[in-house]
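The values are calculated or read from the model by the stated rules, or taken from the named source; none is laboratory data. Everything numeric in this text was worked out from a predicted model, so none of it was measured. Neighbour counts run over all protein chains shown; Cβ positions are idealised from the backbone, glycine included. Protein only, heavy atoms only, side chains kept; ligands, DNA and RNA dropped before computing areas. Shrake-Rupley method; radii C 1.70, N 1.55, O 1.52, S 1.80 Å.
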Protein chains: 2
Amino acid sequence: MIDASSPRTRRHQRTQQAILDAAREIISREGVAALSMRAIAERIDYSPAGLYEYYGGKDEIIAAVCDDAFDQLTQALRSTDPTLPPADYLRECGVNYVRFALENTDAFLLMFTNAPLAAPHPMPVEAMLRQSPAFMVLYDAVQRCVEAGIFTPRPDYDVLAMAVTCWQMVHGMAMLAVTIMRNQPPNLGAYRRSLEVLQAGIAAQ
Amino acid sequence: MIDASSPRTRRHQRTQQAILDAAREIISREGVAALSMRAIAERIDYSPAGLYEYYGGKDEIIAAVCDDAFDQLTQALRSTDPTLPPADYLRECGVNYVRFALENTDAFLLMFTNAPLAAPHPMPVEAMLRQSPAFMVLYDAVQRCVEAGIFTPRPDYDVLAMAVTCWQMVHGMAMLAVTIMRNQPPNLGAYRRSLEVLQAGIAAQ
DNA sequence: AATAAAATCCGAACATCATTCGGAAAAAGA
DNA sequence: TCTTTTTCCGAATGATGTTCGGATTTTATT
């Protein structure tokens, strides 16, 4: 039995990491279409067949790249300055969501066109949302606004619904930014303005 | 020189249409991953090589499918009841945007992950937006709200910016609906509620 | 009607891809 | 030192997009 911290296990994990690093680099430099088992293997001096010792196949590598990217998205949201006033904090969380997408355009597109297809069994919406760390950052930001008296939950429009509205908006901005608007210079000021408009609408409920 | 309306030309166009119909059917029944030149050819009793007489390649067929889908999206938006009061009309345009995505999940995903990569040369944002018929329906709906006194354009938040905000929101809803939320029952009421919140925010500017 | 040109369509081939398999070599364990 | 396990790969399989040479059909010209 191999010790989880044995040299062999650590080498194995380093190779797994090298595979993911190579995959990310190919995606960001050449786009998702250029990602292949052969391209990854070539980049780390392996044969394509050798990669199957570490991952079950190309889909598994893509899934792992997406998992890491979701973690990084969560970190990007959590990096928002917590000392900001609640409304500013929520808005800047949103801006960080879009900024992450702008800085990782192909990975972001991959995250939201690949991973969902891997969704196993359906579950209640709320349970599914609460399992998403990135969403929970937005939810907590909305909760701060409620606690500050800026937002007032209603029977037909609770905190969860408010958070979903915010997610819909920032996700729309991000998806448009990495697709239709991909050749346009990013305008964070315009994003900020739209978020202020939305937050004004939530506040007016 | 072949007459544009000659039998030969009409047969050629019918075959082009049959190829697109086959592609659409494969996409909606089996997903984008199942789309291949061999699958299309098999469905219309052609050989894969024969398809190259009508389209330059698989990418061109996908582009044509997306063009048609954008036309259908525009039609779905234009089908909104024009006799509705301006605010209701704008909201229902948004709901129709999401409904279209829900009814054409794989095609919608393809539209917004394939076509953008084909964007040639950069142009001013406003010019690019005005070239999109679907966006112009949203723009006109916002304009109606302005003319009805419901929205008031500001120097830093004009009609175009308002329309972009609305597009960001409905696009976010649609993209989440066809990816992360794809296994959830659609909730048009919740979409409608979010749109009301946003429109309240625009009205409050 | 006959002939030539253009269009249509396809089998086969090529290059690339994901994945599997049998096996050689290296590492680890007894 | 020997055995077992792990690592890694060449070659193969099946699938894909695309091209090419050529057969057949359709259209135009004489």
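Some points to look at:
- Among all residues of the stretch B:68-82, there is none that is more than 14 Å from chain A (Cβ to nearest Cβ), more than 9 Å from DNA strand D (Cβ to nearest atom), farther than 30 Å from B:V142 by Cβ and not aliphatic (A, V, I, L, M).
- Looking across the stretch A:92-104, the residues that are touching a residue at least 12 places away in the same chain (Cβ under 8 Å) and open to solvent by 40 Å² or more (accessible area, probe 1.4 Å) come down to A:R99, A:L102, A:N104.
- Residue within the stretch B:6-16 that is within 28 Å of B:E103 (Cβ to Cβ), open to solvent by less than 90 Å² (accessible area, probe 1.4 Å) and out of contact with any Cys (no Cβ under 6 Å at 6 or more places or on another chain) present: yes
- Of the helices (runs of 4 or more DSSP H) entirely within the stretch A:111-185, those holding at least 2 residues that are open to solvent by less than 10 Å² (accessible area, probe 1.4 Å) occupy A:133-147, A:159-178.
- Residues of the stretch B:171-189 that are of a type in the set (A, V, I, L, M) and more than 7 Å from chain A (Cβ to nearest Cβ): B:A174, B:A177, B:V178, B:M181, B:L188.
- Residue pairs whose Cβ atoms lie under 6 Å apart, separated by 6 or more positions or on different chains, with the first residue in the stretch A:40-64 and within 9 Å of DNA strand C (Cβ to nearest atom) and the second open to solvent by 50 Å² or more (accessible area, probe 1.4 Å), are A:A41/A:S47; A:P48/A:R38.
- Listed conditions (1) within 24 Å of A:E147 (Cα to Cα); (2) out of contact with any Phe, Trp or Tyr (no Cβ under 9 Å at 6 or more places or on another chain) are all met by A:V65, apart from (1).
- Considering residues of the stretch A:1-39 that are within 14 Å of another protein chain (Cβ to nearest Cβ) and more than 10 Å from DNA strand C (Cβ to nearest atom) only, the residue farthest from A:C66 (Cα to Cα): A:E30
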